[in-house]
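The values are calculated or read from the model by the stated rules, or taken from the named source; none is laboratory data. Bear in mind the structure is a predicted one, so any value in this text is a computation, not a measurement. Ideal geometry is used to build each Cβ from the backbone, glycine not excepted, and the neighbour counts take in all protein chains shown. Note: accessible area is taken over every heavy atom of the protein model, side chains too, but ligands, DNA and RNA are not part of it. Shrake-Rupley method; radii C 1.70, N 1.55, O 1.52, S 1.80 Å.
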Amino acid sequence: IHRWVGTCTDIHDRRVLEEELRHLTQTLETRVQEEVAAREAAQARAAHAERMQALGQLAGGIAHDLNNVLQAVQGGTMLIEKRARDPENTRRLARMVLEAVARGASITRRLLSFARRGDLRAEPVEVETLFEGLHDILTHALGSSITVRVEVEPGLPKLLADKGQLETALVNLATNARDAMPSGGTL
């Protein structure tokens, strides 16, 4: 060998960066999946919080309705006790108490349906009956500055829907409408 010409280049830093890049590339899909899962969990928590807020707003109205039912039952049973010897009056008062109990059961069913979580259960739903059932809840939940009016076209066919989910959606829409009418109005 007469002459040797060469250079020396330190490629250690480049190799370290290439290895880091290879590692980042290999774990990218896992990191993306983790980020998507975290965002979905955050959305689920936000939806749950919104649902709980709406449920809390409804609780006051429902408590008022149940209190009215209990007052009717208590008053009716007290009158039945005082007028036990008058069969005609006793039957009339007993019917009044039974109607109040039916209203209380209806309120409880609607509340449980609203709060229920789980799989969708599609069933035929009568539109007019659905809105009439929500009328009392919405009247109390939306406050005295909002007038709730139900107008349903006659002869509408039944809907095929999960009644609880549909009620939840309608209550959420009504709550949003109330928030859009700070001075009150008609829904």
Among 66-73, 87-94, what's the highest-first ranking by average C-beta atoms within 10 angstrom per residue?
66-73, 87-94
Solvent-accessible heavy-atom area per residue, rounded to whole Å², over the range 1-143 at 1.4 Å:
77 Å²
Could you state how much accessible area Leu111 has, in square angstrom rounded to the nearest 10, with a 1.4 Å probe and all protein chains kept in place?
60 Å²
Within a Gaussian network of the chain (alpha carbon springs, distance under 10 Å), most fluctuating of Arg121, Arg109, Arg15:
Arg15
Per-residue counts of other Cβ atoms within 10 Å, averaged by peptide: what ranking do you get for 174-182, 39-47, highest first?
174-182, 39-47
Tell me the angle of helix 163-179 to the major Cα principal axis of the chain, expressed in degrees between 0 and 90 and rounded to the nearest ten.
90 degrees
By how many degrees, 0 to 90 and rounded to 10, does the Cα axis of helix 127-142 deviate from the longest principal axis of the chain?
80 degrees
For the chain, built as a Gaussian network whose Cα springs stay under 10 Å, the top-fluctuating residue of Ala37, Ala100, Ala59
Ala37
Got a sec? What order do Arg51, Arg3 fall in by accessible area at 1.4 Å, biggest, i.e. largest, first?
Arg3, Arg51
The chain - percent of accessible surface contributed by carbon and sulfur, probe 1.4 Å:
56 percent
To the nearest 10 degrees, the tilt of helix 87-115 (Cα long axis) against the first principal axis of the alpha carbons of the chain is 10 degrees
Reduced Cα scattering model of the range 136-187, Debye log10 I(q)/I(0), q = 0.12, 0.17, 0.19, 0.23 Å⁻¹
-0.32, -0.61, -0.72, -0.93
Distances over 27 Å make up what percent of all Cα-Cα pairs in the chain?
56 percent
From most to least accessible, 1.4 Å probe, no ligand or DNA/RNA atoms counted, Lys82, Lys163 line up as Lys82, Lys163
